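Notes follow the structure.
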There are 2 protein chains.
Amino acid sequence: MLVLHDNLGSGNGYKVRLLLSQLGRPFRRIEYDVTKGKTRTEEFLALNADGRIPLLQFPDGRVLAQSNAILFYLSQNTAYLPDDGFAQAEVLQWMFFEQYSHEPNIAVARYWLHFLDPSQVQQAQLEEKWQKGYQALDVMERRLSDRNFLVGDGYCIADIALYAYTHVADEAEMDLSPYPGIRRWLDRVAEQPGHVLITQEDFA
Amino acid sequence: MLVLHDNLGSGNGYKVRLLLSQLGRPFRRIEYDVTKGKTRTEEFLALNADGRIPLLQFPDGRVLAQSNAILFYLSQNTAYLPDDGFAQAEVLQWMFFEQYSHEPNIAVARYWLHFLDPSQVQQAQLEEKWQKGYQALDVMERRLSDRNFLVGDGYCIADIALYAYTHVADEAEMDLSPYPGIRRWLDRVAEQPGHVLITQEDFA
């Protein structure tokens, strides 16, 4: 069976849980407390030298890191990845945008405010994360103002990748009310068959 | 003809220049002075709402952003991308690692020290970039200590993506001498047929 090395609070882990659920693929979850450095042990570093979850482990022992690379692999030849080569590149464009401009700001602000002791957070650093996070949301809003999904006509892994941290932006104390296109899209993603919540723990 | 919206100093732009050259695909370069906000004009934002180069524009008007998504598109069905689905996912794993853990540290330190006025750089921020940049190099060294290229047996777009800023790490005042695996790999990449330098400006 597939083994997902994971953390329940992680949006990056959630991306993989969500797609595996929608594909109907059974998997076993191993939970790591990232606030206690549990992905930086020698044992874990032997699996992933980068010391991060999610990490997907296959029955033959192979492993794959980086949430968006895992989404790409699992979605090949399924309805969750377009067939067309240019559309696939657009999917990747949005996923690289997510890891470069969106996640490092929104996910990090959420981590500081929702999982660590907020009194330890430096206000100037938080302001910078919010500012850059809102810039990323501006780019998404421009894209989603007149279309249903990020790429082409249908729901795909680009939507999963951007949904993960956008739908919990309130936990980063960010306000989505000025983003009507994004809010409609969040509803559309949540209505997809097989959708699971970020808090769902068991996937028996 | 393909048009590459570009900046000569950018390693992200260089990735695309290098692959286009190795593929023998002619293209025209348009240079933007990113230090003067030339990718944040209304005209450019209409092409790419994210306001960043490189941006590849096709003869039919379509555009593609994000250097690594562009590499993926251009390399489909060529020797620069493995055929196998799992190997493709490993390529993407290294490219997401590059944009998340490598570029935001090494490229940003290089930008501050090499392109801006170094007296304006805050030492504490620079130290943090160096520390995280060396962590990324540690991960690469662990991978490259006993293999020739990042994925499989041959040179591919994962190598191009990581080469871009690693080979100019000295311009970020970072020292590669403790990384023998990386240094051998840099030589191997530079020896590939059709290699061009980051400073090459004309591609007639």
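Please treat every number below as a calculation from the coordinates, not as lab data. Treat the numbers as computed from the prediction; the structure is a model and nothing was measured. Because the Cβ atoms are built from the backbone with ideal geometry, glycine has one as well, and the counts that use them run over all protein chains shown.
Quick notes on this one:
- From the C-alpha gyration tensor of the range A:85-190, square roots of 5λ in Å: 26, 14, 11
- For A:Asp146, the shell of other residues with beta-carbons less than 14 Å away shows a net charge of +3, using +1 for Lys and Arg and -1 for Asp and Glu.
- Förster-model FRET efficiency, 35 Å R0, B:Arg62 and B:Gln135, C-beta, rounded to 0.05: 0.40
- Fluctuation leader among A:Ser67, A:Ser101, A:Ser119 - chain A, Gaussian network, Cα springs under 10 angstrom: A:Ser119
- Taking the DSSP beta bridges with both ends in chain A, the antiparallel portion is around 55 percent.
- For the protein assembly as shown, the Kirkwood hydrodynamic radius comes to 21.9 Å, computed from all pairs of different C-alpha atoms.
- Under the Debye formula (equal points on every Cα, no solvent term), log10 I(q)/I(0) of the range B:159-204 at q = 0.16, 0.22, 0.26 Å⁻¹: -0.48, -0.84, -1.07
- Label point 7 Å beyond Cα along the C-beta direction, distances from B:Pro180 to other copies (nm, shortest first): 6.4
- Contact order relative to length of chain A, as percent, for alpha carbon pairs under 8 angstrom and 6 or more apart: 26
- For chain B, adding -39500 (n - 2.57) for each run of n ≥ 4 DSSP H residues and dividing by the number of residues yields -13000 deg cm²/dmol at 222 nm.
- Partner chain coverage, peptide B:52-58 - average Cβ within 10 angstrom: 1
- Legend: calculated FRET efficiency, A:Gln125 to B:Arg40, from the Cβ-Cβ distance at R0 = 35 Å, rounded to 0.05, equals 0.90.
- For the A-to-B rotation axis, chain A residue with nearest beta carbon and its distance in angstrom: A:Gln99, 3
- Histogrammed with a bin width of 10 Å, the alpha carbon distances of chain B distribute as 8, 35, 37, 17, 2 percent, first bin at zero.
- Highest-fluctuation residue, B:Ile30, B:Ile106, B:Ile160 considered, GNM on chain B with Cα pairs under 10 Å: B:Ile30
- Taking the charge dipole of the range A:132-198 about its Cα centre, with +1 at Lys and Arg Cβ atoms and -1 at Asp and Glu Cβ atoms, the residue from A:Ile198, A:Phe149, A:Ala172 reaching farthest to the positive side is A:Phe149.
- Structure remark: mean-square fluctuation, Gaussian network model of chain A, C-alpha springs under 10 Å; the largest value among A:Gln120, A:Gln88, A:Gln131 belongs to A:Gln120.
- With an a/c value of 1.5 or above and a/b not larger than b/c for the gyration tensor axes a ≥ b ≥ c computed over the alpha-carbon atoms, the range B:56-111 is described as oblate.
- Chain B, dipole about Cα centre (Lys/Arg Cβ +1, Asp/Glu Cβ -1), debye to the nearest 20: 260
- Pairs from the list B:Lys36/B:Lys132; A:Lys38/A:Lys132; B:Lys15/B:Lys38; A:Lys129/B:Lys132; A:Lys38/A:Lys129; A:Lys36/A:Lys132 with a Cα-Cα gap above 23 Å: B:Lys36/B:Lys132; A:Lys38/A:Lys132; A:Lys38/A:Lys129; A:Lys36/A:Lys132.
- Per-residue mean of C-beta atoms belonging to partner chains within 10 Å, peptide B:79-91: 3
- Cα-derived Rg over Rh, computed across the range B:2-75 with Rh taken as Kirkwood radius: 0.94
- Label geometry 7 Å along the beta-carbon vector: B:Leu47 inter-copy distances in nm: 4.4
- Taken about its Cα centre, the range A:18-101 carries a charge dipole of about 360 debye when Lys and Arg each add +1 at the Cβ and Asp and Glu each add -1 at the Cβ.
- Label point of B:Asp138 (7 Å along Cα→beta-carbon): distances to the other copies' equivalent points are 3.7 nm, sorted ascending.
- Inverse mean reciprocal Cα-Cα distance (Kirkwood Rh) of the range B:31-142, Å: 16.5
- Once C-alpha pairs closer than 8 Å and six or more residues apart are averaged by separation and normalised to the residue number of the range A:85-190, the relative contact order reads 36 percent.
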